[in-house]
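Before any comments, here is the structure.
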Amino acid sequence: DVSERGLYCFPEIYTIGQRKLLFNPTTFMDWLFNALAHSVICFLIPLFVSISQVDPTGKDSGLYVMGEYVYTAIVILCSGKILIMTRTHNWITFTSIVLSIFA
């Protein structure tokens, strides 16, 4: 963090927070809708995959298989988010993301 001496030398550091530029109702709503979209994706992907897993007797594939579907959806979603937020795209970034999904 900033030392006490730095606070007195550079008071403009805290004007961003005082003006509420980084966290305001618009930013909060953006984070809220982003979280809602991610949760819907993590719910719907396993739901649609597991619908096709019901056999003719009515039994589903089980809780552990559903957990694997949810975990796979989370890994794909996080990898996609990392890919979107990355500023430099090269073969190392692409390879690490592909390996994180398929490993």
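Values as computed for the structure displayed
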read-out	value
Test result for Ile76, in a helix (DSSP H, G or I), in contact (Cβ under 8 Å) with a residue 24 or more places away in the chain and of a type outside the set (Ser, Thr, Tyr)	yes
Test result for Ser52, surrounded by 15 or more Cβ atoms within 10 Å (Cβ to Cβ), small (Gly, Ala, Ser) and either over 17 Å from Ile101 (Cα atoms) or modelled with pLDDT of 90 or more (or both)	no
Residue count for the stretch 1-28, restricted to those that are open to solvent by 80 Å² or more (accessible area, probe 1.4 Å) and not basic (Lys, Arg)	13
All helices (runs of 4 or more DSSP H) inside the stretch 1-63 with 1 or more residues being touching a residue at least 24 places away in the same chain (Cβ under 8 Å)	25-51
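The values are calculated or read from the model by the stated rules, or taken from the named source; none is laboratory data. Just so you know, these numbers come straight off a predicted model, no measurement behind them. Here the Cβ is made from the backbone with ideal geometry for all residues, glycine too, and neighbour counts use every protein chain on show. With ligands, DNA and RNA removed, areas are computed over all heavy atoms of the protein, side chains included. Shrake-Rupley method; radii C 1.70, N 1.55, O 1.52, S 1.80 Å.
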